[in-house]
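Structure first, commentary second.
The values are calculated or read from the model by the stated rules, or taken from the named source; none is laboratory data. Everything numeric here is computed off the predicted structure, so don't read it as measured data. Cβ coordinates were reconstructed from backbone atoms using ideal geometry, including for glycine residues, and neighbour counts include every protein chain displayed. The accessibility values were calculated without ligands, DNA or RNA, using every heavy atom of the protein model including side chains. Shrake-Rupley method; radii C 1.70, N 1.55, O 1.52, S 1.80 Å.
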Amino acid sequence: MGGLNERLRALPEARLSEMRRGVEKESLRSRPDGSLALTPHPAALGSALTHPNITTDFSESQLEFVTGVHPTAPACVEELTRIHQFTYRVLREAGDEMLWVSSMPCGLPTDETIPIGVYGSSNVGRAKSVYRMGLGHRYGRRMQTISGIHYNWSMPGVSTEDYFGLIRNFRRHSFLLLYLFGASPALCSSFVAGREHELQVLKGQTLYMPHGTSLRMGRLGYQSDAQSSLSVSYNSLESYAASLHGALTTPYPPYEAIGIRNLGGDYNQLATSLLQIENEFYGTIRPKRVIFPGERPLHALRERGVEYVEVRCMDLDPFEPVGIGAPTMRFLDLFLLHCLLADSPPDTPAEIKALARNQQRVAARGREPGLRLERAGTEVALADWGAQVLQQLEPIAARLDALHGGAGYRDALAQAQATMRNADVAPSARVLAVMARDFDSSYVAFTRAQSVQTRNKLLALPFTSDMQAHFVALSKASVEDRQRIEASDSLPFEQYRLQYLSEERLGVPAKAALAR
């Protein structure tokens with residue numbers, strides 16, 4: 001604790017004031033009855049391949065909004081709000097679709113009916129679609145329709161080694177984020193049709209875990225038996241890169257059985273390795289760097305180090321108009337600074353396994369009274385461990401409020417401490433309580449009503465003609481950019497695929513680089 005406070009005091013104000021954040025937010029497009037919209041990506045939103053703010057994630061029906069990089073949480077929320085406002089206006093013009101405000105999907109059709117994202121005829125666009133086809137073959141399309149928030153965070157003067165220390169601590173303490181902000185304790189039974197699961201029937205088509213926090217981050221969410229064989233160490237860039245390099249280049253027999261192409265010649269997947277590309281690796285947090293056009297993410301990390309981290313365990317908050325509010329962003333700032341400043345011993349294979357068990361436990365049973373987690377070979381109460389971490393955030397909150405003025409960081413921390421003391425105020429508990437009180441315990445009815453309310457609220461906000469013109473121009477430019485990319489392609493797709501996936505494109509391991 002002393003070391004953390006000393007490092008906090010030693011942190012120059014100039015660096016703290018340069019802390020930056022941005023958000024990527026996914027949402028399904030749904031029909032008024034709470035079923036998945038099967039229409040193409042709306043043309044007025046521009047090209048999903050090249051638009052800087054509006055794209056699609058796995059499915060053609062799954063929008064992804066991307067903000068720029070912002071100096072404050074309110075500025076980030078403001079841009080995210082404007083992207084939503086423009087999108088809702090487009091959806092209103094086109095018909096009666098809305099954005100599904102929960103992380104777990106709306107009513108889903110059969111797996112093969114869920115449309116995969118389409119990005120045009122260019123090689124890079126085709127590769128994006130083939131990658132998604134591979135995800136569908138490997139994990140099923142339904143799993144890919146889960147939506148969430150990715151929080152990208154950086155601060156100047158943080159070395160690659162320091163970022164990996166942050167990541168190790170984040171993985172140790174991310175149970176706290178699932179408890180405080182998990183908002184997916186229930187789902188529609190269409191999501192698990194034909195699959196084994198441990199969920200209980202709440203009522204009708206609604207399944208749940210009574211003390212669940214984030215089914216999205218549990219066994220039914222972004223988990224993979226294949227990837228569980230990957231014991232990725234975050235002790236250094238070298239160890240992390242070596243783990244990914246192996247998973248990207250070693251054939252995996254079950255995926256070899258799927259094959260690159262089907263009998264008709266259509267592509268099933270990009271590769272037969274454990275991971276097709278780097279993005280397929282599921283983790284609660286990732287080290288990241290902005291890549292050059294056509295560059296592999298692993299190459300960028302090896303060549304230029306970590307530039308920022310991507311937090312990937314945040315559910316959509318159905319009570320927030322854009323899925324996340326400024327107080328939650330402020331808490332993430334506090335939490336990430338704590339992860340950066342606290343002592344961060346190396347991870348071990350035993351700890352990595354224990355952290356995976358902790359994640360499953362909190363996702364499924366996080367609000368269970370007396371729940372215990374594994375820490376350093378013993379068991380400790382989640383409530384005690386969480387309270388200890390929150391207490392350590394107090395001087396960080398005071399320092400950031402002194403820097404920015406007001407009490408925004410201390411208020412965000414106070415709310416988290418209140419949630420730690422009383423699980424009934426956690427978003428996951430609120431979801432179940434409102435479902436029971438107002439919607440006869442129906443997940444689809446609750447989320448449908450929240451989605452309508454959110455749409456109406458965002459459409460009622462002021463949106464100037466200049467804002468509208470800005471987004472219309474972005475959409476138009478994105479289509480022109482996509483057309484330019486398509487016109488400039490010269491390689492046959494198979495040649496492009498082989499070149500992009502070649503092992504040389506992954507960069508040289510550090511030891512080999514030193515020997516050059």
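So here's what we get for this one:
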quantity	calculated
Label point distance in nm, ALA376-ILE260, each placed 7 Å from Cα along Cα→Cβ	5.1 nm
Theoretical gain in end-to-end length, MET467 to LYS353 [0.36 nm per residue, Cα-Cα removed]	36.2 nm
Nitroxide proxy distance, nm - points 7 Å out along Cα→Cβ at ASP162 and ARG437	4.5 nm
Listed residue (HIS173, MET133, CYS188) projecting farthest to the positive dipole end of region 111-233, Cβ model	MET133
Whole-Hz couplings from phi, Karplus 6.51/-1.76/1.60, listed for region 108-125; x for Gly and Pro	9, x, 4, 3, 6, 7, 5, x, 7, x, 10, 10, x, 9, 5, 4, 5, x
Estimated FRET transfer efficiency (ASN5, PHE319; beta-carbon r; R0 45 Å; 0.05)	0.85
Ordering of 12-19, 244-251, 300-307 by burial proxy (mean other Cβ atoms within 10 Å per residue, highest first)	300-307, 244-251, 12-19
Positive-end extreme of charge dipole, region 52-115 - chosen from LEU63, GLN85, CYS106 (charges on Cβ)	GLN85
Calculated FRET value between LYS476 and SER129, using beta carbons and R₀ = 22 Å, to 0.05	0.45
Relative contact order (%) - the chain, alpha-carbon pairs under 8 angstrom, separation at least six	23 percent
Relative packing of peptides 89-99, 408-418 - highest average C-beta neighbours within 10 Å first	408-418, 89-99
Rounded to 5, the percent of DSSP beta bridges in the chain classed as antiparallel	95 percent
Sorted largest first, extent of the chain alpha carbons per principal axis (Å)	65, 61, 51
Amide H contacts under 5 Å for MET314, placed H, 5+ residues apart	ILE149
Accessible area per residue, Å², the chain with all protein chains present, probe 1.4 Å	41 Å²
The chain, helix-only ellipticity at 222 nm - DSSP H runs n ≥ 4, -39,500 (n - 2.57), divided by all residues, nearest 500	-15000 deg cm²/dmol
Between region 409-447 and region 163-204, the alpha-carbon center distance in angstrom	15 Å
Cα centroid separation, region 8-31 to region 239-291 (Å)	29 Å
Compactness relative to 2.2 N^0.38 Å, alpha carbon Rg of region 142-290	1.24
Packing-based order for 234-242, 313-321, using average beta carbon neighbours within 10 Å, highest first	313-321, 234-242
Charge dipole (debye, nearest 20) of the chain; +1 at Cβ of Lys and Arg, -1 at Cβ of Asp and Glu	300 debye
Inter-label distance for ALA418 and ALA43, nm, one decimal - labels placed 7 Å from Cα along Cα-to-Cβ	4.9 nm
Length released on extending from ILE291 to SER17, taking residue separation times 0.36 nm less the Cα-Cα span	96.1 nm
Using a Förster distance of 30 Å, the FRET efficiency for VAL508-ALA487 (Cβ separation, nearest 0.05)	0.35
